[in-house]
Structures are given as structure tokens and as C-alpha cells.
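Below is one structure, written out as C-alpha cells, with a few remarks after it.
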Amino acid sequence: MAKKKNDDILLEAEEKWARLEDYIAEHKKQVSTVTTIIILIVAAFCILKFWYIPGQEKEAESAIYGAQRYFSMDSINKAIHGDASTLGFESIADQYSWTPAGHLANYYLGLCYYDKKDYQKAIDYLDKFDAGDLLVSANAEGVMGDAEMQLHSNDKALEYYLKAVKSSDKD
């Protein structure tokens, strides 16, 4: 009895395989086109993820160091725009937008523009920032709340403050 079931299963599998072979033979051009497209998409994804972005991240980390140095020295304009030998946060955020350092440049830009009292730009850049880090994200939300307060948008400010508080369940 068990052998008969196994034979039936094997027969079904062979029939399905034969139908698949017939389908592939009938639609050879479409199947090869779809297969080629899938292979190209997977290859592009692998190149992007494992070669291009890590290379860009190394460049961005090197570039952001000078802008961070200017930021720590309170040279806000040089931190934003850079100088002849150093990229500023704006260039880094633009050129390396897919990298963590590019995201970090948006955070610094938000802080710089808040310091320059350009509160709307501060909110715009901080809104682009996504770190995944609880403390830095909470700080970014808090600064956006402060900027909204300066723009007299108390309701929006409260929303940002509440987001900052909720971003961490720790006291």
C-alpha cells in the first residue's frame, strides 16, 4: 500500500515536471527574459549593498571629520559649507545621502541651522535624519520641538517633545 502511494506521488511529480518542461519550451524567450532581469536585479542589489555603499561610507566618514571639527569649534558656516580643503555638512548630506554618515550630516545641519536661528531649515534637515540610535534620535526630536516653539507652533512642538519622550522607554 505504501509503495503504491509512493509510486503515485512519483508519477504526479514526473507529470508536473513534464508540464513545466513543456511550458518552458513553449515560452523560452519570455522565461529567459524574466530570468535575465531577475539575475540583473540581484546582481545590482549585491553590487550596491556590498561594494558601492561601503565604499561611499568610508569616503563619507573621512569627509565628515573636518566638518565635525568645525562644528566643535563653533565655526558654523564652515561646518555647513566647508572650505577649500573640507566638505561641509551640506555637501556630505547631498553626496552621501545613502550612507549613515550622510544621515548624520543631516543631523548636524539641523543643529547648525538651529544655532543660526533658521528654525525651518533646522526642522527640514532634522526631519531627514534617521539614526536608529535612541539618544540621538530623541535629541533630534527635541531640537525639532524647540525649533517649532521658536516658530510659535506650540502644537507641533508638543508633538515633537512627545515623540522624543516616547522614543525611549527608559527613565
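The values are calculated or read from the model by the stated rules, or taken from the named source; none is laboratory data. Fair warning: this is a prediction, and the values are worked out from it, not measured in the lab. Every residue, glycine among them, receives a Cβ derived from its backbone with ideal geometry; neighbour counts consider all protein chains shown. When the accessible area is computed, the model is the full protein with side chains, heavy atoms only, and any ligands, DNA or RNA have been set aside. Shrake-Rupley method; radii C 1.70, N 1.55, O 1.52, S 1.80 Å.
Taking the conditions (1) under 29 Å from the mean Cα position of the chain (by Cα); (2) surrounded by 11 or more Cβ atoms within 10 Å (Cβ to Cβ) in turn, Tyr23 satisfies each one other than (1). Residues in the stretch 109-148 that are assigned to a loop (DSSP other than H, G, I, E, B) and touching a helix residue (DSSP H, G or I) at 6+ places or on another chain (Cβ under 8 Å): how many? Of the residues in the stretch 109-148, 5 are assigned to a loop (DSSP other than H, G, I, E, B) and touching a helix residue (DSSP H, G or I) at 6+ places or on another chain (Cβ under 8 Å). Taken as a whole, the structure leaves Ile9 outside the set of residues that are of a type in the set (A, V, I, L, M, F, W, C), under 27 Å from the mean Cα position of the chain (by Cα) and at pLDDT below 85. Please go through the stretch 68-121 and give me each residue that is of a type in the set (Gly, Ala, Ser) and farther than 30 Å from Phe45 by Cα, ordered by number. Scanning the stretch 68-121 gives Ser72, Ser75, Ala79, Gly82, Ala84, Ser85, Gly110. When restricted to residues that are closer than 30 Å to Thr99 by Cα and either in contact with a Gly (Cβ under 6 Å, 6 or more places away or on another chain) or outside any helix (DSSP H, G or I) (or both), the stretch 1-56 contains 0. Mind listing whichever residues of the stretch 65-104 are open to solvent by less than 60 Å² (accessible area, probe 1.4 Å), part of a loop (DSSP other than H, G, I, E, B) and not acidic (Asp, Glu)? Ser75, Thr86, Gly88, Tyr96, Ser97, Thr99, listed by residue number.
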